[in-house]
Amino acid sequence: MRRLVYILIAAMMLTGCEIIPEAERLVPLPIQADTSGGAHLLMEFTGFRCVNCPTAAAAAEALHRTYGSRLVIVAMHPASNPFTQGKYDYTCAAADDYYRQYGGTASTPFPTGNVDGVATSGGYLYDYQEWPALLAERMKRTTDVHLGATAEDRNGEVHISVSCYAGSEQDAALRIWLVEDSICGAQAMPDGTVNTAYYHRHVLRDAWGDPQGEAVRLRTKPTTIEATMPMPDRYDKQHCSIVAVLVDEKDGQLLNVTQTQLQ
């Protein structure tokens, strides 16, 4: 097994990313900046050395096609898991923060994920085959928490405006994430090969402030929160978006989530 890992890494180092025409790439679904009807969040923990992760990613995309803008997917590459370690680095500190919060360790099997911050009988991290049933159940829920966001790139800095309110006052935490889509790079595949032109979807790049979120008092009238985040040149702005997440301050479960394309 160890020899196979070495072979995979060597193959990755010797190959480059093929140029694929834009029209042939995976195209993200239209992003809506207002989820007043309620949306849900799939946090997909993944790594480029995980041979089963492409299967989980395909399952996530199938769910995205089913639910459209009611489902926001964010792929997280936690540095503390060896499946993410090597030449190709898609990790960020926030991804590791959430991973450890949900009980992830260096030996946690990949792929895995979480829906809406909810725990099952096995904990907060569960196999991709469990995602459809849990999402179907969560989609039955309604929310009186309204959330919208806009994001604009201004000379290398993202200016974000988030508006939120609720049917009754409550305490929440606001998380704001920078996500990049369609990142071309190597990925170990289920058949044992390495695809050097794999497109990694919905990758978490950075989080605003404290990854656990900033305290927000939801009121019956809209509250607006302004934030700024850096936009490094190495990210493709055309494939970047902002995800705003409101979670319950007490238990961390999702109240609402929205995604808006970077303008």
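The values are calculated or read from the model by the stated rules, or taken from the named source; none is laboratory data. Bear in mind that the values here come from a model prediction, so they are computed numbers and not experimental data. With ideal geometry, Cβ positions are generated from the backbone for all residues, glycine too; neighbour counts draw on all protein chains shown.
Observations
- Meets criteria (buried (at least 17 other Cβ atoms within 10 Å of the Cβ) and at pLDDT below 95) for T35: yes
- Residues of the stretch 186-208 classified as under 17 Å from the mean Cα position of the chain (by Cα) and not in a strand (DSSP E or B), total: 3
- Candidates in the stretch 39-58 are the residues that are in a helix (DSSP H, G or I) and either in contact with a strand residue (DSSP E or B) (Cβ under 9 Å, 6 or more places away or on another chain) or acidic (D, E) (or both); of these, the one that is surrounded by the most Cβ atoms within 10 Å (Cβ to Cβ) is C53.
- Of the residues making up the stretch 152-171, those that are out of contact with any Asp or Glu (no Cβ under 8 Å at 6 or more places or on another chain) and within 13 Å of P230 (Cβ to Cβ) are D153, R154, N155, E157.
- For the stretch 68-118, filtered to residues that are out of contact with any Gly (no Cβ under 8 Å at 6 or more places or on another chain) and of a type in the set (S, T, Y), the residue that is farthest from R141 (Cα to Cα) is S107.
- Within the stretch 230-254, the set of residues being closer than 18 Å to I73 by Cα, assigned to a strand (DSSP E or B) and either out of contact with any Phe, Trp or Tyr (no Cβ under 9 Å at 6 or more places or on another chain) or not β-branched (V, I, T) (or both) comprises C240, S241, A244, L246, V247, L254.
- Residue list for the stretch 123-179, filter: of a type in the set (F, W, Y) and touching a Phe, Trp or Tyr at 6+ places or on another chain (Cβ under 7 Å): Y124
- Out of T108, T150, T142, sole residue that is at pLDDT 95 or above, of a type outside the set (G, A, S) and assigned to a loop (DSSP other than H, G, I, E, B): T108
- Candidate set: the stretch 112-139, residues that are in contact (Cβ under 8 Å) with a residue 40 or more places away in the chain and in a loop (DSSP other than H, G, I, E, B); chosen: the one farthest from the chain's Cα centre (by Cα): M139
- Long-range neighbours under 8 Å by Cβ, at least six apart or interchain, first residue within 21 Å of V194 (Cβ to Cβ) within the stretch 54-73, second outside any helix (DSSP H, G or I) and of a type in the set (S, T, Y): P54/Y198; A56/T46; A57/T46
- Residue that is surrounded by the fewest Cβ atoms within 10 Å (Cβ to Cβ) [pool: residues in the stretch 72-101 that are among the charged types (D, E, K, R) and assigned to a helix (DSSP H, G or I)]: R100
- From the list S168, S163, the lone residue that is more than 23 Å from D97 (Cβ to Cβ), small (G, A, S) and part of a strand (DSSP E or B) is S163.
- In the stretch 221-239, the residues that are closer than 27 Å to Y67 by Cα and either crowded, with 19+ Cβ neighbours inside 10 Å or touching a Ser or Thr at 6+ places or on another chain (Cβ under 7 Å) (or both): P222, H239
- Check on Q212, touching a residue at least 24 places away in the same chain (Cβ under 8 Å), more than 20 Å from A151 (Cα to Cα), in contact with a strand residue (DSSP E or B) (Cβ under 9 Å, 6 or more places away or on another chain) and surrounded by 12 or more Cβ atoms within 10 Å (Cβ to Cβ): yes
- Scoring V179 on the criteria (1) within 23 Å of T55 (Cβ to Cβ); (2) out of contact with any strand residue (DSSP E or B) (no Cβ under 7 Å at 6 or more places or on another chain) leaves a single failure, condition (2).
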